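So the structure is just underneath, and the comments pick up after that.
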Amino acid sequence: MTSSSSKKDIRVISIKEIKEFMINNNEKPFRAKQVYEWLWKNSAVSFEEMTNLSKKTRELLNSNFVINSIKINSQQKSKDGTIKIAFGLFDGNVVEGVLIPSSDRVTACISSQVGCALACKFCATGQFGFIRNLNFDEIYDQVVIISKTALDNYKIPLSNIVYMGMGEPMLNYKNVMKSVEIITSADGLAMSPQRITVSTVGIAAKIKQLGDDNVKFNLALSLHTANNKKRNSILPVNEQNSIKKLIEALKYFHSKTNKRITIEYILFKNINDSLSDAKELADFCKNFPVKINIIEYNTVEGSGFSKADNEKMNEFADFMKSKNLIVNIRKSRGKDIDAACGQLANR
Ligand code: SF4
């Protein structure tokens, strides 16, 4: 399905272009700033809401533009408080975002693509293939809606954002960067980039580009094994982005940004949970400052992967700690509503 309107989405044009439009239509140029604030700071979903503009100006905008905001199609709340939201896009596609409350923070996990082309073997999203990239305003809207959901449900503002939902953010680089720009801008949500983490499964060239762009947000690598052969079999993306290439790219990223890298490691039973896997991970982590998140897996039907035993999980974490590495065990959240890592697939 395509957009029912041939009008342009006003949020994809710059404030400068809105200004030009105003001037060409005999409107005062300062109206552009008012419109821009309504669009981003106030997240207006219609021109009617822009009450400091005259009716005539609102009608002018309405007959030339649309606002392709996303909407909530459905919402599910887990026993542990996690809330999964299915977002409807203007073209009928659906992506998912998750609100994860914990004792000291509320995190929004957001999507960057409709589907995903990378087909990681354990992932529900990857099983459905790639449909399209999300535009930056569609990424931004997820944050705005999840932020409002946090206030409505828990009376606390959103504290963190992770780009860890559907899709590979580095394969939608431009829109991801632009969405961060607006989330952190005073014209948008004015959030600190320190509270944002972009997670990649490891696209070496793009990790280097992040370094060149000297990003201020955090980078997480979904590594899951530091053994090249094993990684090829679990994450097909590794065939072009080997462990060696990733080390080189992450060293470069660190040299440019001086940032600690988060390593995400889902522990799968009898696949990557042995002591020799832990040793390989420790060797990988010697190359740059890291923080390791060991993540409990949630079984995805038909994937052939299962969750490692708790005992193995603790042994694995203890080994990492014995190497003076920072390790956190992340128990899975929202399992009962398929909101956990690797489970987002519009079910
Ligand atoms: S884990 Fe991430 S990169 Fe891999 S298939 Fe799933 S969504 Fe894509």
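The values are calculated or read from the model by the stated rules, or taken from the named source; none is laboratory data. These figures come from a predicted structure and were not determined experimentally. Glycine also receives a Cβ, built like all others from the backbone with ideal geometry; neighbour counts cover every protein chain displayed.
Can you say whether Gly92 is in contact (Cβ under 8 Å) with a residue 24 or more places away in the chain and among the small types (Gly, Ala, Ser), as far as the supplied structure shows?
So Gly92 fits the description; yes.
Scan the range 43-60 and give yes if some residue there is closer than 20 Å to Cys109 by Cα and outside the structural domain of Ser179 (by TED's automatic domain parsing), otherwise no.
To start, the set of residues in the range 43-60 that are closer than 20 Å to Cys109 by Cα comprises 43.
Applying the additional criterion that residues be outside the structural domain of Ser179 (by TED's automatic domain parsing) yields 43.
Checking the range 43-60: at least one residue is closer than 20 Å to Cys109 by Cα and outside the structural domain of Ser179 (by TED's automatic domain parsing).
Test Ile145 against the criterion of being buried (at least 19 other Cβ atoms within 10 Å of the Cβ), closer than 27 Å to Ile13 by Cβ and away from the ligand (no atom under 12 Å from the Cβ), and give yes or no. Give the derivation first.
Values: buried (at least 19 other Cβ atoms within 10 Å of the Cβ): yes; closer than 27 Å to Ile13 by Cβ: yes; away from the ligand (no atom under 12 Å from the Cβ): yes.
Here the answer is yes, as Ile145 does meet what is asked.
Determine, yes or no, whether Met164 is in the same structural domain as Gly304 (by TED's automatic domain parsing) and at pLDDT 95 or above. Steps first, please.
Working: in the same structural domain as Gly304 (by TED's automatic domain parsing): yes; at pLDDT 95 or above: no.
No.
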Hits in the range 76-100 (condition: surrounded by fewer than 19 Cβ atoms within 10 Å (Cβ to Cβ) and either in a strand (DSSP E or B) or within 16 Å of the ligand (Cβ to nearest atom) (or both)): Gln76, Lys77, Ala86, Gly88, Asn93, Val94
Which condition number in (1) at pLDDT 95 or above; (2) of a type in the set (Lys, Arg); (3) surrounded by 14 or more Cβ atoms within 10 Å (Cβ to Cβ) is the one that Lys286 fails? (3)
Across the range 186-235, the tally of residues that are surrounded by fewer than 17 Cβ atoms within 10 Å (Cβ to Cβ) and either within 16 Å of the ligand (Cβ to nearest atom) or part of a strand (DSSP E or B) (or both) stands at 3
Of (1) under 24 Å from Tyr265 (Cα atoms); (2) within 15 Å of the ligand (Cβ to nearest atom), Ile131 satisfies every one except (1)
Kindly check whether there is at least one residue in the range 244-261 that is under 16 Å from Phe122 (Cα atoms) and not in a helix (DSSP H, G or I). no
Just to be sure I understand the filter: pairs with C-beta atoms under 9 Å, separated by 6 or more residues or on different chains, first member in the range 226-249 and in the same structural domain as Glu280 (by TED's automatic domain parsing), second member within 13 Å of the ligand (Cβ to nearest atom) and of a type in the set (Asp, Glu). Which pairs pass? Val237/Glu168
Boolean, Asp152 is over 24 Å from Pro289 (Cβ atoms), of a type in the set (Asp, Glu) and away from the ligand (no atom under 16 Å from the Cβ): yes
Unique residue being more than 20 Å from Val237 (Cα to Cα) and in contact (Cβ under 8 Å) with a residue 24 or more places away in the chain when the list is Leu171, Leu210, Leu189, Leu221: Leu189
